[in-house]
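Throughout, read-outs are computed from the coordinates displayed, never taken from laboratory work. Just so you know, these numbers come straight off a predicted model, no measurement behind them. Here the Cβ is made from the backbone with ideal geometry for all residues, glycine too, and neighbour counts use every protein chain on show.
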Amino acid sequence: MKLIDRFNRTHNYLRISLTDKCNYNCIYCNPNKLNDKFGKMNLLSFEELLRVIEIFAGELEFKKFRFTGGEPLIRRDVFKFFGDVGKLKSIYGFKTGITTNGSLLKGRVGELKNSGVDSLNISLDSLNKNKFLSITQKDEADRILNVIDEAIENGYSPVKVNAVIIKGINDGEILNFVDYFKDLDVNIRFIEFMPFGSNTWQRNGFISYKEIKNLVEEKYSLSVLSSDKNSVAKDYQMDNFPAKVSFISSISENFCSTCNRVRISSTGKFRLCLFSEGKHEINFKELFQKKYSNEDIVNELSEAIKHKWEKHPEPEELSEMMANNMMTIGG
Ligand code: SAM
């Protein structure tokens, strides 16, 4: 059975937040330093998460799972968990990925690869040591660049490097990113800055993917790559260089009409959209505690998906919606 909504979108991709906490305090993601406020959380255990994955893969034909957060790698024994997920991959034939700031991957990328994680997205918003420090509050630019090299050496092909571009913060570095990575097996992904409650998003701090792309094309030529129909990225191959460049236009050209993604928060809340307020959504912790069978849970999910909206609201409205931030939904 497939998870299909009112707009005939089939969902086959689950993004799982492993924790809300992060070892970085990025100014655009966690301006209020929420880490200090979380306290002890009732996270889905790894056993519970394995059951979640079995339900989505086994009952609902999901083909992709991505682990994110917060920072997914701060969770204790997470590599063992990835290995356990890897065993399920061979039964159900899905793919896995993680989105990470990379800080805890130093010397461990080989282990990650061996555990069966297929794709690796590393966030890096500046190549400049001081700028990186001012964005993340950590002096780790060189460390992350070394981890990207380690990822290439360990066969992540390509290594996806995510850079959120914010006017007045790092828009002056767009060409530096391309210059730096152009000769490597890297997919540089420029992400439009998205508004979340209290992240100080403003129209005049926003730079659209078209503006970013124009800047890149002032120096380099790009050839369009055919992407998967559900891809959130507009993908390009750099002419005469191995690197790829992608643009993620969540705001200026949303990709809601082809959305195939649903989410689960670290405490087990099922979320229909990164921006949804959680009104009709269910909680896996509760369903497990009430001893729901897999069949009951599939019924709940089939009911919940009917409430997915056609598209998310406009940016100004999103920035008013205090319910959301990337850390607690899982970016
Ligand atoms: N800690 C991990 C990391 O740094 O990749 C995973 C979680 S983080 C929330 C996932 C991604 O969301 C990162 O690439 C981050 O840059 C991006 N992100 C966070 N806030 C954002 C925003 N307001 N607009 C666009 N992207 C954002």
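Report, in cubic angstrom per residue, the convex hull volume of the C-alpha atoms of the chain.
On the way: hull volume 42.1 nm³, N = 331.
Taking the convex hull of the Cα positions in the chain, it is 127 Å³ per residue.
Determine the gain in length on full extension of the stretch ASN42-GLU153; use 0.36 nm per residue of separation and subtract their C-alpha separation, reporting nm with one decimal. Could you put the intermediate results ahead of the total?
Numbers: separation 111, 0.36 × 111 = 39.96 nm, distance 3.70 nm.
Taking ASN42 through GLU153 to full extension adds about 36.3 nm, to one decimal.
Give me the distance in nm between label points sitting 7 Å out from Cα along the Cα-to-Cβ direction at SER226 and GLU253, one decimal.
About 1.8 nm, to one decimal.
Could you pull out every Cys in the chain that lacks a partner Cys with its beta carbon under 4.7 Å away?
Isolated Cys, the chain: CYS22, CYS256, CYS259, CYS273.
About the Cα centre of the chain, how large is the charge dipole given +1 on each Lys and Arg Cβ and -1 on each Asp and Glu Cβ? Please answer in debye to the nearest 20. If you can, show how the numbers build up before the last one.
Values: 47 positive and 45 negative charges, 124 e Å.
With only Lys, Arg, Asp and Glu charged at Cβ, the dipole is about 600 debye.
Mind counting lysine pairs for me in region 80-159? Cα separation below 24 Å, and the two need to be 8 or more apart along the chain or on different chains.
Eligible lysine pairs with Cα atoms under 24 Å apart amount to 13.
Could you work out how far helix 294-304 tilts from the main Cα principal axis of the chain, as a 0 to 90 degree angle to the nearest 10?
60 degrees
Calculate, axis by axis, the spread of Cα positions in region 126-224 along the three principal axes, and write the results as whole Å, longest axis first.
39, 35, 22
What ranking, highest mean first, results for peptides 174-182, 214-222 when packing means the other Cβ atoms within 10 Å averaged over each residue?
174-182, 214-222
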